[in-house]
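Undergrad: Pasting in a structure now, in structure tokens, and then I'll have a few things to ask.
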Amino acid sequence: MKSTLPGHIAAAVAYIIFGFNIISCKNIALDGTISPLDMFCFRAIGAALLFWMVSFFMPSEKVEKRDFPKIFVASLFGLYLTQISFLKAVTMTTPFDVAVIASISPIITMFVSAIFLKEPITWKKSSGVFISFVGVLMIIFNSAYSETDVQTTPMGVVLMICNAACFAFYLGIFRPLIEKYSVVTFMKWMFLFSVLLSVPFDLPSLCRIKYASMSLDLLLNVGFVVIFATFVSYFLIPFAQKCIRPTLVSMYSYIQPMIAAALGIYLGMDRLTIVKIVAAALVFGGVALVNRSRKRV
């Protein structure tokens, strides 16, 4: 039997990076130099270049012509709409609100997978999602970490729901296409389509940015988002999708608020309590329960 451990590790690392990404994107948004669409263009261009460079050192793999429209739609949902809604939402929400709203993604993914991939919603899977969700709520509502200079707005909530739904559709619908090609081949075309979707519309804004005046802190945050939160994470997510079910991949999104809580503790804004220990146990217990859910029981 094929081991699923690499898939679990890949998904966990990707969502740990996404957890730090919330803070980096927040810092970029508060700086005000780079707009959400500008930041998406940086991510798309940087990741496209990196994936195409890596592809030159790998065996050539031809993509069937009939799959290009599917990859384009996958790019639209998995990259463009997902990242644009997220980058805009972080300007209107606090980090914890971002995390809690994002945690609905596994629930949406479960239903999308059931509809499009005929993946059954078993009692173990439903129970696992619910248990993990309870753990996330315990972490969030018992944390002292907050952003006092930014208030969550209704539009910010709507954008984060759109973010979660778009990524859930990507995880739930396009697994067969992802399994068909190598991660590098699939992602190099995904990000190339994202460049074509974004750069032509944002070129005037990109040209107006005063790159020479960017602070080192801003450059480091942008570099982290492009290299780690985009190139590395979007390499790991398709890899994880090849090894474990879409719902289980999405379950690891619950790590994001745990990272936020850990940062709060490290920065002296929060403290470790028995509630957080219990909550962490619930999160990973739910993941384990979903993993034990067999295909038809």
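Undergrad: Scan the stretch 113-134 residue by residue and report those that are surrounded by 18 or more Cβ atoms within 10 Å (Cβ to Cβ), closer than 16 Å to Ile244 by Cα and aliphatic (A, V, I, L, M).
TA: Within the stretch 113-134, Val129 is the sole residue that qualifies.
Undergrad: In the stretch 32-47, which residue that is part of a loop (DSSP other than H, G, I, E, B) and touching a helix residue (DSSP H, G or I) at 6+ places or on another chain (Cβ under 8 Å) is nearest to Phe86 (Cα to Cα)?
TA: Ser35
Undergrad: Also, I was wondering about something else. Test of understanding: among Lys124, Lys70, Lys118, which residue is farther than 24 Å from Met190 by Cβ, of a type in the set (D, E, K, R) and in a helix (DSSP H, G or I)?
TA: So the residue among Lys124, Lys70, Lys118 that is farther than 24 Å from Met190 by Cβ, of a type in the set (D, E, K, R) and in a helix (DSSP H, G or I) is Lys124.
Undergrad: Which residues, counting only those in the stretch 1-14, are outside any helix (DSSP H, G or I) and of a type in the set (Val, Ile, Thr)?
TA: Passing the criteria: only Thr4.
Undergrad: Which of the residues spanning the stretch 199-215 are touching a residue at least 12 places away in the same chain (Cβ under 8 Å), surrounded by 10 or more Cβ atoms within 10 Å (Cβ to Cβ) and of a type outside the set (Ser, Thr, Tyr)?
TA: Result: Val199, Phe201, Asp202, Leu206, Ile209, Met214.
Undergrad: Can Arg271 be described as modelled with pLDDT under 80 and among the basic types (Lys, Arg)?
TA: Judged against the criteria, Arg271 is a match.
Undergrad: Then there is this: Of the residues in the stretch 167-192, how many are at pLDDT 90 or above, buried (at least 21 other Cβ atoms within 10 Å of the Cβ) and among the aromatic types (Phe, Trp, Tyr)?
TA: The number of residues fulfilling the criteria is 3.
Undergrad: Looking at the stretch 22-49, I want the residues that are within 20 Å of Phe77 (Cβ to Cβ) and have a partner that is part of a helix (DSSP H, G or I) and of a type in the set (D, E, K, R) with Cβ atoms under 6 Å, at least 6 apart or on another chain. Which pairs are those?
TA: Partner pairs satisfying both residue conditions: Pro36/Lys88; Leu37/Asp202; Cys41/Asp202.
Undergrad: Identify the single condition in (1) part of a loop (DSSP other than H, G, I, E, B); (2) closer than 12 Å to Thr230 by Cα; (3) of a type outside the set (Ser, Thr, Tyr) that Ile17 does not satisfy, given that it satisfies every other one.
TA: If we test Ile17 against (1) part of a loop (DSSP other than H, G, I, E, B); (2) closer than 12 Å to Thr230 by Cα; (3) of a type outside the set (Ser, Thr, Tyr), just (1) comes out false.
The values are calculated or read from the model by the stated rules, or taken from the named source; none is laboratory data. Fair warning: this is a prediction, and the values are worked out from it, not measured in the lab. Backbone-built Cβ (ideal geometry, glycine too); neighbour counts: all protein chains shown.
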